[in-house]
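Take a look at the structure below.
The values are calculated or read from the model by the stated rules, or taken from the named source; none is laboratory data. Not measured: the values here are computed from a predicted model. A quick note on method: Cβ atoms are made from the backbone with ideal geometry, for glycine too, and the neighbour counts reach across all protein chains shown. Each accessible area value is taken on the protein alone, full model and side chains, heavy atoms only, with ligands, DNA and RNA left out. Shrake-Rupley method; radii C 1.70, N 1.55, O 1.52, S 1.80 Å.
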Amino acid sequence: MTTLITGGAGYIGSITTRLIRSTGRAVVVLDTLENGHRTAVGDAPFVQGDVADTELVERICKEHGVDEVVHFAAYKAVGESMENPSKYFQNNVTGSQKLFDALHRAGVERVVFSSTAGVYGTPDTVPVREDAEPRCESVYAETKLMIEKTLSWYSRTTSMRHVCLRYFNAAGASSDATLGEDWRFSQNLIPHVMKAAMGHAPALKVFGNDFPTPDGTGVRDYIHVEDLASAHVAALDHLAGKGASITCNVGTGFGTSVMDIINTTEQVTGQKVPYEIVGRRAGDPAACYADPSLITKTFGWSPTRSLEDIIATAYAWHSTHPAGHDS
Ligand code: WQD
């Protein structure tokens, strides 16, 4: 079995590629390296290129005997997507549609797609279930929903089948601290907490403590990136076992606040996390965390790593790679 992994040089992609290979599958990684890192791919077969290059994708499928695909490749900066919608619709949506077209022509029928809990926007109720009304509040989230819908139509009109995985907040790094997030550009909480704990940045800005949550700070569902990776393997096994197309949340089912992250970081690392309370960030919901019962019921998958594991692996990665893979 050979798995094509688009965006496999990225944070989640590289960690998932390593796990997929450990199951005995052959892989081939396709990545532009625009945001990914060649070193993160290691000795896996690699092609530098764009998913929109249909001739290249068809050639890779034929040369490598591709049976299944995990599609990570996308731009994912929420703020940038609101400033440059065209870049996001072209790369994420048009690129994905060209990829699916090439896969269909090459006879590849199984696709696991990297989607996002961002499609829920500000949920009316938590925990969030998959049947919650999509309410995209960014171009980024809208592109992911459009790709989900494209896959649904391929599933209804061709023999292609898919699993869309709606990630909650991916965090942490590989247990051996060799793969992780490139933190130079990330606007996410945990990279910012690590930098503050290590004195690489001024005090952490806590975006509001006046939310209707237990301690007033924002609540999210932080899932270890290695648990996220194992959900992709479970999805590939589901499709290889003739499973039907499905869209699933991937989260722990637990809500964790910003202050929980700060306190856990201080306990795990022994470092103080300097912080200051500032105003809310536009568009931030008070709370968003998953109801993961569907993925557990369908795939038998559940997360195994704790919040402490997230913090410990993030700290081990960042303290040895302050500038991501280039350090
Ligand atoms: C988490 C919490 C902030 C930074 C993101 C993006 C997107 C998606 C999921 C892919 C919130 C607070 C943050 C900081 C803070 N990924 N915060 N100070 O916004 O939940 O979702 O991850 O699909 O990348 O939508 O994640 O890490 O930005 O924020 O107080 O410096 O931390 O207000 O409550 P978010 P986040």
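Among the residues of segment 285-301, those that are surrounded by 15 or more Cβ atoms within 10 Å (Cβ to Cβ) and in a loop (DSSP other than H, G, I, E, B) comprise PRO285, ALA286, TYR289, ASP291, PRO292, TRP301.
Restricting attention to segment 111-132 and to residues that are among the charged types (D, E, K, R) and farther than 20 Å from TRP153 by Cβ, the residue that is farthest from the chain's Cα centre (by Cα) turns out to be ASP124. When you scan segment 232-242, how many residues do you find that are assigned to a helix (DSSP H, G or I) and either within 14 Å of the ligand (Cβ to nearest atom) or open to solvent by 30 Å² or more (accessible area, probe 1.4 Å) (or both)? Qualifying residue count for the region: 3.
Of the residues making up segment 31-57, those that are over 24 Å from HIS321 (Cα atoms) and open to solvent by less than 40 Å² (accessible area, probe 1.4 Å) are VAL47, GLY49, VAL51, ALA52, THR54, LEU56, VAL57.
Out of the residues in segment 198-226 that are within 14 Å of the chain's Cα centre (by Cα) and not in a strand (DSSP E or B), state the one that is nearest to the ligand (Cβ to nearest atom). Spell out the reasoning first.
Narrowing segment 198-226 to residues within 14 Å of the chain's Cα centre (by Cα): 221-226.
In the following step, the residues that additionally are not in a strand (DSSP E or B) were identified as 221, 225-226.
On the way: ASP221: 9, VAL225: 12, GLU226: 17 Å.
That would be ASP221.
I'd like to know if segment 302-319 contains one or more residues that are outside any loop (DSSP other than H, G, I, E, B), farther than 30 Å from ALA235 by Cα and open to solvent by 20 Å² or more (accessible area, probe 1.4 Å).
First, the residues of segment 302-319 that are outside any loop (DSSP other than H, G, I, E, B): 307-319.
Subsequent filtering for residues that are farther than 30 Å from ALA235 by Cα retains 319.
Still in the running and open to solvent by 20 Å² or more (accessible area, probe 1.4 Å): 319.
Yes, that holds for at least one residue.
Among the residues in segment 53-76, are any of a type in the set (Lys, Arg) and part of a helix (DSSP H, G or I)? Yes, segment 53-76 contains a residue that is of a type in the set (Lys, Arg) and part of a helix (DSSP H, G or I).
Just checking, which of ASP182, ASP227, ASP215 is open to solvent by less than 20 Å² (accessible area, probe 1.4 Å), closer than 20 Å to THR265 by Cα and in contact (Cβ under 8 Å) with a residue 12 or more places away in the chain?
Working: ASP182 fails: open to solvent by less than 20 Å² (accessible area, probe 1.4 Å); ASP215 fails: open to solvent by less than 20 Å² (accessible area, probe 1.4 Å).
Going through ASP182, ASP227, ASP215 in turn, the sole match is ASP227.
Every test in (1) more than 19 Å from the chain's Cα centre (by Cα); (2) not assigned by TED's automatic domain parsing to the domain that holds LYS195; (3) not aromatic (Phe, Trp, Tyr) is passed by ALA229 save one, and that test is (1).
The test for being closer than 20 Å to VAL126 by Cβ and at pLDDT 95 or above holds for GLY208. Considering only residues in segment 254-279 that are in a loop (DSSP other than H, G, I, E, B) and within 16 Å of the ligand (Cβ to nearest atom), the one that is surrounded by the fewest Cβ atoms within 10 Å (Cβ to Cβ) turns out to be GLY279.
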